[in-house]
Amino acid sequence: MDGGVRGELSVFSDLDEAARALAERVVRAADDAVARSGRFTLAISGGKTPEPLFGLLGGPWAKRMPWTRTELFWVDERAVGPDDPESNYGGARASLLAEHPLRPEQVHRISGETPDPESAAKAYELELRSFFADTVPPVPFTFDLVLLGIGPDGHTASLFPGSPVLEERIAWVRAVPTPVVIPRVPRITLTLPAINAAHEAAFLVGGADKAPALRSILSNPDARETSLPAARVQPRDRLEWFVDRAAAGGMRPTR
Ligand code: 6PG
């Protein structure tokens, strides 16, 4: 898009159509990653928006995905147990992993049930550092693809506006105190250094309530000039937005 928009914006008539296009993108990214490195590392978000995407990739399209070569990670988690309806892991288990469960060693979940979220964050940090230890400093890569959503306040992952966690420069995972948004439980989240060390990131966004935040994120040429956390996502190779018409609010696609 003209005027310095960061990333490629695609607009679809509704969320199902956007989810289908993103599912195609995930399959392509997975095939490319497996061809390049023998594995596909995917980090997923929680919330309601990815449900149709997960339903597709875990259901009718599961055979198109190289699931046996996929390592699954979470962008963030709520401080609840895996069987709680608010658990991001639990949500994915019931959709993405429902029909084709991965081997336990392929599932790198964040322990929301650990009583101290700081300890859960440290444990996940160690797991990620050891998993990605084979990528070469000083430019370590993390995931092949990170799937993200946004809230109407412009948050992404569990990176909320004004949070000191946004300024983290070193740690890949941080605990986040109870935010003002629902569910009101502490979170454990990937930080910007972890997300921005990914090869690619793709946002899936639906609904008119997200249109103002989306417009502000996409039309700001300098991420640092906005307080919206999602505007600070800048992966190494490619950033894409899969958006429904309501969320686009009249913005024109860039492709
Ligand atoms: C979470 C998230 C969060 C989510 C957005 C959008 O755990 O809540 O990972 O960043 O992606 O809040 O959520 P909805 O899709 O429910 O609107």
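Taken together, the values in this text are just the output of simple stated rules run on the coordinates, not laboratory data. Every value quoted in this text rests on a predicted model; they were computed, and no experiment measured them. As a convention, Cβ positions derive from the backbone with ideal geometry for all residues, glycine included, and neighbour counts pool all protein chains shown.
In Å and on Cα atoms, what radius of gyration and Dmax does region 150-194 show?
Here Rg and the maximum Cα pair distance are 9.9, 28 Å.
When the Debye formula is applied to the Cα atoms of region 147-255, each taken as the same point scatterer, what base-10 log of I(q)/I(0) results at q = 0.10, 0.14, 0.22, 0.24 Å⁻¹?
-0.27, -0.53, -1.30, -1.48
What translational diffusion coefficient, in µm²/s and rounded to a whole number, does the Stokes-Einstein relation yield for region 46-143 at 25 °C and a viscosity of 0.890 mPa s, taking the hydrodynamic radius as the Kirkwood radius over Cα pairs? Please list the in-between numbers first.
Details: Rh = 14.5 Å.
The estimated diffusion coefficient comes to 169 µm²/s.
At 20 angstrom or more along the helix axis (alpha-carbon based) and mean Kyte-Doolittle of -1.0 or higher, what helices does the chain contain? Whole DSSP H runs only. Walk me through the intermediate numbers first.
Working: long enough: 15-37 (32 Å, -0.07); 117-131 (21 Å, -0.51).
The qualifying helices are 15-37, 117-131.
So if R0 is 30 Å, what FRET efficiency would residue 236 and residue 184 give, r being the distance between their Cβ atoms, rounded to the nearest 0.05?
Efficiency at R0 = 30 Å is approximately 0.30.
Whole angstrom only: what separates the Cα centroid of region 104-166 from the Cα centroid of region 56-81?
15
Between residue 36 and residue 254, what is 0.36 nm times their sequence separation minus the Cα-Cα distance? Round to one decimal in nm. All intermediate terms of the calculation are to be shown ahead of the outcome.
On the way: separation 218, 0.36 × 218 = 78.48 nm, distance 2.79 nm.
Contour length minus Cα-Cα distance gives 75.7 nm.
So what is the calculated 222 nm ellipticity per residue for the chain, using -39500 (n - 2.57) for each DSSP H run with n of 4 or more, over all residues, to the nearest 500 deg cm²/dmol? Present the calculation step by step, with values, prior to reporting the outcome.
Working: 7 runs with 70 residues, N = 255.
Mean residue ellipticity at 222 nm (helix-derived): -8000 deg cm²/dmol.
Mind giving me the FRET efficiency for residue 167 and residue 123? R0 is 22 Å, r the Cβ-Cβ distance, nearest 0.05 is fine. Provide the component values of the computation, followed by the final result.
Values: r = 23 Å, r/R0 = 1.03.
Using R0 = 22 Å, I get an efficiency of 0.45.
Return the FRET efficiency for the residue pair residue 94, residue 132: r is the Cβ-Cβ distance, R0 is 30 Å, and the value is rounded to the nearest 0.05. Walk me through the intermediate numbers first.
Details: r = 28 Å, r/R0 = 0.92.
After rounding to 0.05, the efficiency reads 0.60.
Normalised by the empirical 2.2 N^0.38 Å for globular proteins, what value does the Cα Rg of the chain take?
Details: Rg = 16.8 Å, N = 255, 2.2 N^0.38 = 18.1 Å.
Compactness ratio reported: 0.93.
Work out how much length residue 64 to residue 216 would gain on full extension: take 0.36 nm times their residue separation and subtract the Cα-Cα distance, in nm to one decimal. The partial results should precede the final answer.
Numbers: separation 152, 0.36 × 152 = 54.72 nm, distance 3.55 nm.
Here the answer is 51.2 nm.
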